[in-house]
Structures are given as structure tokens and as C-alpha cells.
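The values are calculated or read from the model by the stated rules, or taken from the named source; none is laboratory data. Here the structure is a predicted model, which means the values were calculated and not measured. Because the Cβ atoms are built from the backbone with ideal geometry, glycine has one as well, and the counts that use them run over all protein chains shown. Protein only, heavy atoms only, side chains kept; ligands, DNA and RNA dropped before computing areas. Shrake-Rupley method; radii C 1.70, N 1.55, O 1.52, S 1.80 Å.
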Amino acid sequence: MSRRKKFSGVQLKSLRKEAGYTQGELALRVGISRETVSAIENEKPETMNSIGVEVISKWWAVCRQKASEQTRESFFSTVMDYFGFNHT
């Protein structure tokens, strides 16, 4: 049985803040509502269970240029865990 690690709304919020975007600015760039950004960051179960990889991918694409090396490594680790790849 696979035990995939889920994406953390807290981690995504930290990424957004580190990149210097407001919820509204990120929402426009990702193509979702500000309310959805808020629900993700607050880890609302119904939203967390329904967000797709495309939203996470766009979120990362918008924020990664401004992310620190540590944040990039942490996010990469989360992605690898999510897809079940061993990255030791």
C-alpha cells in the first residue's frame, strides 16, 4: 500500500510569502480564486483533497524564481515523496 505524502498548505503559503505575492496576486497567476488560495493555505480538507497536480505545478512555476535554495530543495523533496520516488 502506497502512503503518499500530501502537499502542505502551510508549505505552499510559505512559498507564496517568500516569493512576495499576496493571495490575490498568486490566484491571478495560477488561474484560481483568492478564496481557493486561502482554502489551500488553511488546509481545508475538501479543497486539499480536490486540488490537482496542475495547480501545484502552476503555484511552483510562479514562485520558484524567488524561492531560496532551501525552499526549492524542500519542495523538490515533497514532490518526490508525493509521487513515491525515493530521493535519498
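Quick rundown of the values:
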| quantity | calculated |
| --- | --- |
| Apportionment of accessible area to carbon and sulfur, the chain, percent (1.4 Å) | 50 |
| Probe 1.4 Å - accessible area at Ile51, Å² to nearest ten | 40 |
| Percent RCO, i.e. relative contact order, over the range 7-81, from Cα pairs under 8 Å lying at least 6 residues apart | 38 |
| Förster radius 30 Å - calculated FRET efficiency between Phe85 and Glu35, Cβ distance, rounded to 0.05 | 0.40 |
| Estimated dipole of the chain in Debye, rounded to 20 [Cβ of Lys and Arg +1, of Asp and Glu -1, Cα centre] | 40 |
| Accessible area (Å², per residue) of the chain, counting only protein heavy atoms and a probe of 1.4 Å | 65 |
| Full-stretch length increase - Arg64, Glu43 - with 0.36 nm per residue and alpha-carbon distance subtracted | 5.5 nm |
| Size of the range 7-81 as Cα extents on the principal axes (Å, biggest first) | 30, 26, 19 |
